[in-house]
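Novice: Mind looking over this structure? Questions follow.
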Amino acid sequence: MATNWRDLYAKCPFYLRCLHANGGWVIDCQGVTDASILRWRFRKKQDFEIQQRTFCCDKFERCEVYRMLNETFEEE
C-alpha cells in the first residue's frame with residue numbers, strides 16, 4: 001500500500017516503500033526471504049531521488065537489487 005506520492009509511481013515489483021527516516025532518505029525493497037527487507041539508505045536527498053526516479057519508477061530492470069532478487073527467485 002502506498003504511504004506517499006512517490007510510492008504510487010514505483011513500477012519495480014520488489015519495491016516496498018520510500019521514506020525519510022533518522023536523518024536519511026530510505027528505499028525499502030523486498031528481501032531474499034519473506035521475513036526480510038533490503039534497505040537503501042542515502043545521505044543526500046538528491047541521490048535518493050535519482051535512484052528512486054530512475055530505477056524504482058522507470059528502468060527497474062537495470063537496478064542491481066532487482067537483478068539480484070529476480071535471479072534469486074527464478075532459481076526457486
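The values are calculated or read from the model by the stated rules, or taken from the named source; none is laboratory data. This one's a predicted model, so the numbers in the text were calculated from it and none came from an experiment. Neighbour counts are summed over all protein chains in view; Cβ atoms, including those assigned to glycine, are modelled from backbone coordinates with ideal geometry. To get the accessible areas, we keep the full protein, side chains included, count just its heavy atoms, and leave off ligands, DNA and RNA. Shrake-Rupley method; radii C 1.70, N 1.55, O 1.52, S 1.80 Å.
Novice: Just to verify a result, which residue in region 18-44, among those that are of a type in the set (S, T, N, Q) and closer than 17 Å to PHE73 by Cβ, is modelled with the lowest pLDDT?
Specialist: Here the answer is THR33.
Novice: I'd like the full set of residues that are charged (D, E, K, R) and out of contact with any Phe, Trp or Tyr (no Cβ under 8 Å at 6 or more places or on another chain), limited to region 29-42.
Specialist: ASP34, ARG39
Novice: Restricting to region 5-36, give me the number of residues that are polar (S, T, N, Q) and either surrounded by 16 or more Cβ atoms within 10 Å (Cβ to Cβ) or in contact with a Pro (Cβ under 6 Å, 6 or more places away or on another chain) (or both).
Specialist: 1
Novice: Would you tally the residues in region 8-44 being out of contact with any strand residue (DSSP E or B) (no Cβ under 9 Å at 6 or more places or on another chain) and free of Cβ contacts under 8 Å to residues at least 12 places away in the same chain?
Specialist: Residues that pass the stated criteria total 5.
Novice: Go through region 59-75 residue by residue and tally those that are surrounded by fewer than 17 Cβ atoms within 10 Å (Cβ to Cβ) and among the aliphatic types (A, V, I, L, M).
Specialist: The qualifying residues number 1.
Novice: Residue check, VAL65 against (1) touching a Leu at 6+ places or on another chain (Cβ under 7 Å); (2) more than 18 Å from ALA10 (Cα to Cα); (3) among the β-branched types (Val, Ile, Thr), all met but one. Which one?
Specialist: Just one mismatch for VAL65, condition (2).
Novice: State the number of residues belonging to region 37-58 that are touching a Leu at 6+ places or on another chain (Cβ under 8 Å) and open to solvent by 100 Å² or more (accessible area, probe 1.4 Å).
Specialist: Selection size over region 37-58: 0.
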